[in-house]
Amino acid sequence: MQQYIITTLGVIMQKKLLAEFIGTFWLVLGGCGSAVLAAAFPEVGIGLLGVSLAFGLTVLTMAYAIGHISGCHLNPAVSIGLWLGGRFEAKELAPYIIAQVIGAIAAGGVLYLIASGQAGFDVSAGFASNGYGEHSPGGYSLTAALIIEIVMTAMFLIVILGATDKRAPAGFAPIAIGLCLTLIHLISIPVTNTSVNPARSTGVALFVGDWAISQLWLFWLAPIVGAALGATIYKIMGKE
């Protein structure tokens, strides 16, 4: 009986990790793909508004597709925030983060193969990587990037925890979370190209190398700090 329980738990965990891999793959391919392939496409480019919506739609669609399997975190900062908020078990934290990062890198690889099929493609131009200083879309400083990534991630966690609270209206959480991510991108793309997600940042930075790797630390640190802040605020505010 004990062996059966262990085996069953292992299968369930494998399904969750596969779901997180696929979900994070879709987020990076859809969000970063829209930025690399469609944002500035001649005459019909989708621009900042389109890229923001694309990121929101990836989370919205995957929340309905895999939310019932893995919870649809798609983001190491979200997993950490949910753990700190008492919604996620510590023993699942590392496997989730690994699955998310691998999914993001796989998506970055697929996107690279597609984008490099265009004449004149130059991965060093950015490849939707996050950056600050001279690598910020709007030339914003390290301090500005740090602040906006912390604040945006904190707000994201507050929305996630609130929308998925048992007291919240059932069935609407994916919409609120997807629209929140869209809004976050509308605000912060000019500053950092918007991360709020260490896996998303890693998935494309590895293909750019150089400056994208050297600045990647901020896009791990700030979202995690922001997630911890958001989880703490919601625990205080949302306590019954």
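What residue, among those in the stretch 126-155 that are open to solvent by less than 10 Å² (accessible area, probe 1.4 Å) and part of a helix (DSSP H, G or I), is farthest from Phe55 (Cα to Cα)?
Among them, the one singled out is Ala145.
To keep it simple, each residue is scored yes or no on (1) open to solvent by less than 20 Å² (accessible area, probe 1.4 Å); (2) not aliphatic (A, V, I, L, M).
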residue: Lys166; (1), (2): no, yes
residue: Ala170; (1), (2): no, no
residue: Gly178; (1), (2): yes, yes
residue: Thr192; (1), (2): yes, yes
residue: Pro198; (1), (2): yes, yes
residue: Ala205; (1), (2): yes, no
residue: Ile213; (1), (2): no, no
residue: Ile233; (1), (2): no, no
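May I ask you to verify whether Ala99 is more than 15 Å from Trp220 (Cα to Cα) and without any contact (Cβ under 8 Å) to a residue 24 or more places away in the chain? Talk me through it step by step, then tell me what you get.
Working: more than 15 Å from Trp220 (Cα to Cα): yes; without any contact (Cβ under 8 Å) to a residue 24 or more places away in the chain: no.
Judged against the criteria, Ala99 is not a match.
For the stretch 65-97, give me each residue that is of a type in the set (Ser, Thr, Tyr) and out of contact with any Ser or Thr (no Cβ under 9 Å at 6 or more places or on another chain).
Narrowing the stretch 65-97 to residues of a type in the set (Ser, Thr, Tyr): 70, 79, 96.
Listed by number, the residues that qualify are Ser70, Ser79.
With the checklist (1) closer than 19 Å to Leu48 by Cα; (2) in a helix (DSSP H, G or I); (3) in contact with a helix residue (DSSP H, G or I) (Cβ under 6 Å, 6 or more places away or on another chain) in hand, flag the one item Pro174 doesn't pass.
(1)
The values are calculated or read from the model by the stated rules, or taken from the named source; none is laboratory data. As the structure is a computational prediction, the values presented were derived from the model and not from experiment. Every residue, glycine among them, receives a Cβ derived from its backbone with ideal geometry; neighbour counts consider all protein chains shown. Accessible surface is based on the protein model in full, side chains and every heavy atom, while ligands, DNA and RNA are left aside. Shrake-Rupley method; radii C 1.70, N 1.55, O 1.52, S 1.80 Å.
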